Amino acid sequence: MADPFDLVVIGSGPGGYVCAIKAAQLGLKVAVVEKRKTYGGTCLNIGCIPSKALLYASERFEEAGHSFAELGIVAEPKLDLAAMMSHKDKTVKSNVDGIAFLFKKNKITGVIGTGRIKSAGEVEVTKDDGSTETLQARNICIATGSDVAGIPGVDVKFDDKTIVSSDHAIALDKVPEAMVVVGGGVIGLELGSVWARLGAKVTVVEYLDKVLGPMDGEVSTAFQKLLVKQGLKFHLGAKVTAVEAKDGGAAVTFEPAKGGEAETLNADVVLVATGRKPYTEGLGLEEAGVSLDNRGRVEIDQHFKTNVDGIYAIGDVVKGAMLAHKAEDEGVALAEILAGQAGHVNYDAIPSVVYTSPEVASVGKTEEELKEAGVEYKVGKFPFMANGRARAMLQTDGFVKFLVDAKTDRVLGCHILGADAGDMIAEAALLMEFGGASEDLARTSHAHPTLSEAMREAAFAAFAKPIHI
Ligand SMILES: Cc1cc2nc3c(=O)[nH]c(=O)nc-3n(C[C@H](O)[C@H](O)[C@H](O)COP(=O)(O)OP(=O)(O)OC[C@H]3O[C@@H](n4cnc5c(N)ncnc54)[C@H](O)[C@@H]3O)c2cc1C
């Protein structure tokens with residue numbers, strides 16, 4: 001029998017591939033099993049990366065048609081959707097090829113096929129041609145990610161053209177005239193923004209009475225107003241009861257969540273973006289005795305171990321935020337644990353970003369969460385309108401908001417609505433990782449003129465007074 005692998009990872013998304021690379025770097029013998037033709041998981045193939053390529057390109061298109069004139073640039077942009085899609089495809093290819101290269105470089109055995117756990121210590125891989133191979137493993141990591149969730153209680157028949165999930169909303173071959181997005185969360189608003197910028201009339205139908213459910217309420221309200229200014233329409237507090245193909249397009253029927261009259265919207269394309277569910281199909285978990293929780297996620301302890309010795313799980317398939325960097329952090333921590341080190345993830349300092357224009361980014365607690373927990377806090381806010389660089393860039397929408405402990409000044413949360421928020425949030429995450437206070441940030445020199453000066457000013461506002469307002 002061949003020498004067993006120290007670790008066999010099932011799934012090559014940001015959780016799986018990062019865990020594999022880190023484990024190999026730490027000297028373990030590693031294999032990765034992936035059922036897709038390319039590595040990189042949802043994130044690189046059909047998620048984060050392609051959506052960001054389209055968000056970037058469509059934002060430039062929108063700018064060229066609108067704000068360029070104010071900057072003294074006369075342009076009449078013309079959309080070449082096929083070329084935009086080709087930019088997205090090339091971006092995906094270079095990223096997934098990069099993972100294959102990293103596997104080789106780190107001497108990781110990549111196996112393309114569907115993995116099934118036969119028992120602790122054995123992963124059976126079924127390949128495209130039907131042949132099977134069994135890998136012996138001292139440890140197994142389940143990193144099989146997530147899949148599109150439908151609408152609870154509604155029979156949605158995805159046809160990938162008129163009724164689509166995000167998997168196909170990143171690959172439409174023409175701009176729909178009218179698009180209905182079911183779900184006002186991150187994915188719905190990002191992809192809704194892409195198609196709105198390219199010319200679609202986009203209407204969002206959301207069950208909750210706010211967009212971006214768990215985000216800070218003040219940020220979510222201000223953000224929605226900006227999206228309305230950009231032409232998106234919203235039906236909040238609306239429960240979708242049917243999504244049906246109709247006259248070559250599709251129809252969405254909804255009623256007020258609190259009860260009331262139903263309404264129907266017709267569209268060329270309906271994007272159902274109501275969230276994702278953990279993916280464990282065909283993995284053989286029941287036979288292997290691996291427990292799931294009541295939401296179908298693989299149950300783990302604080303060291304990512306399932307109830308079965310030698311079987312671990314990370315990423316979207318376990319509890320916590322469904323975010324690529326959360327999966328990556330868990331991948332690193334698990335590899336370190338398996339190599340005898342002290343791997344750890346600080347779940348209180350994981351940022352999350354919405355890559356719209358402007359961006360929305362947050363880390364730590366929201367004001368609502370602090371109120372509910374009875375924590376005494378102070379708020380420090382600064383608007384981009386008062387930031388010189390933002391004015392020069394015509395990016396004055398939004399603000400930075402710090403939430404700090406009223407007694408100790410320790411930063412408890414940071415929320416940014418504004419250009420480049422997704423990059424700037426890293427500063428707040430680092431500060432929180434070190435248990436920092438708003439004064440620490442306010443006393444740190446920030447280059448002028450930068451958008452990040454708004455971070456410093458908001459921090460000043462939390463512990464003393466901002467200068468520029
Ligand atoms: C449209 C969209 C945009 C997104 N944008 C962002 C973003 O900007 N930022 C962010 O942080 N997150 C984003 N996400 C979420 C992010 O993609 C996920 O959180 C992340 O991919 C989870 O990583 P993972 O490794 O747990 O699983 P995945 O990336 O889902 O990878 C799991 C892999 O396992 C494979 N697999 C499953 N079962 C088997 C099996 N039995 N055998 C072999 N292989 C198997 C799958 O084929 C898949 O490749 C986005 C998601 C979507 C859909």
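Taking (1) of a type outside the set (D, E, K, R); (2) within 12 Å of the ligand (Cβ to nearest atom); (3) farther than 19 Å from residue 354 by Cβ in turn, residue 188 satisfies each apart from (3). Checked against (1) of a type outside the set (Phe, Trp, Tyr); (2) touching a residue at least 24 places away in the same chain (Cβ under 8 Å); (3) within 15 Å of the ligand (Cβ to nearest atom); (4) part of a loop (DSSP other than H, G, I, E, B), residue 128 passes all but condition (2). The condition (being surrounded by fewer than 20 Cβ atoms within 10 Å (Cβ to Cβ), under 21 Å from residue 355 (Cα atoms) and of a type in the set (Lys, Arg)) is satisfied by just one residue among 78, 90, 29, 37: 90. On inspection, residue 457 fails the criterion of being outside any loop (DSSP other than H, G, I, E, B) and either touching an Asp or Glu at 6+ places or on another chain (Cβ under 6 Å) or not assigned by TED's automatic domain parsing to the domain that holds residue 356 (or both).
Against the test of being within 11 Å of the ligand (Cβ to nearest atom) and under 30 Å from residue 308 (Cα atoms), the options 117, 108, 46 yield a single qualifying residue, 117. Every condition in (1) more than 10 Å from the ligand (Cβ to nearest atom); (2) under 29 Å from residue 110 (Cβ atoms) holds for residue 162 except the one numbered (2).
In this structure, does residue 288 turn out to be outside the structural domain of residue 361 (by TED's automatic domain parsing), within 16 Å of the ligand (Cβ to nearest atom), at pLDDT 95 or above and within 15 Å of the chain's Cα centre (by Cα)? Against the criterion (outside the structural domain of residue 361 (by TED's automatic domain parsing), within 16 Å of the ligand (Cβ to nearest atom), at pLDDT 95 or above and within 15 Å of the chain's Cα centre (by Cα)), residue 288 does not qualify. Once the stretch 1-18 is narrowed to residues that are of a type outside the set (Ser, Thr, Tyr) and in contact with a helix residue (DSSP H, G or I) (Cβ under 6 Å, 6 or more places away or on another chain), the residue that is farthest from the ligand (Cβ to nearest atom) is 7.
Across the stretch 131-159, the qualifying residues are those that are away from the ligand (no atom under 12 Å from the Cβ) and crowded, with 17+ Cβ neighbours inside 10 Å, and the one among them that is nearest to residue 31 (Cα to Cα) is 137.
Taking the conditions exactly as written (more than 8 Å from the ligand (Cβ to nearest atom) and surrounded by fewer than 21 Cβ atoms within 10 Å (Cβ to Cβ)), does residue 21 satisfy them or not? Considered against the rule, which asks whether it is more than 8 Å from the ligand (Cβ to nearest atom) and surrounded by fewer than 21 Cβ atoms within 10 Å (Cβ to Cβ), residue 21 comes out as no.
Considering the stretch 294-353 alone, what residues qualify as being in contact with a Cys (Cβ under 6 Å, 6 or more places away or on another chain) and free of Cβ contacts under 8 Å to residues at least 60 places away in the same chain? Answer for the stretch 294-353, where residues must be in contact with a Cys (Cβ under 6 Å, 6 or more places away or on another chain) and free of Cβ contacts under 8 Å to residues at least 60 places away in the same chain: there is none. Filtering the stretch 400-421 to residues that are under 26 Å from the mean Cα position of the chain (by Cα) and surrounded by fewer than 22 Cβ atoms within 10 Å (Cβ to Cβ) leaves only 420. Among the residues making up the stretch 83-115, those that are over 30 Å from residue 31 (Cβ atoms) and touching a residue at least 24 places away in the same chain (Cβ under 8 Å) are 84, 85, 87, 88. Among the candidates 282, 260, the residue that is within 16 Å of the ligand (Cβ to nearest atom) and part of a loop (DSSP other than H, G, I, E, B) is uniquely 282.
Condition first: part of a loop (DSSP other than H, G, I, E, B), more than 14 Å from the ligand (Cβ to nearest atom) and out of contact with any Phe, Trp or Tyr (no Cβ under 7 Å at 6 or more places or on another chain). Now tell me which residues in the stretch 165-183 satisfy that. Within the stretch 165-183, 173, 174, 177 qualify. Taking the stretch 231-252 only, how many residues are part of a loop (DSSP other than H, G, I, E, B) and in contact with a strand residue (DSSP E or B) (Cβ under 9 Å, 6 or more places away or on another chain)? Looking only at that region, the number is 5.
The values are calculated or read from the model by the stated rules, or taken from the named source; none is laboratory data. Keep in mind it's a predicted model, so treat the numbers as computed, not measured. A quick note on method: Cβ atoms are made from the backbone with ideal geometry, for glycine too, and the neighbour counts reach across all protein chains shown.
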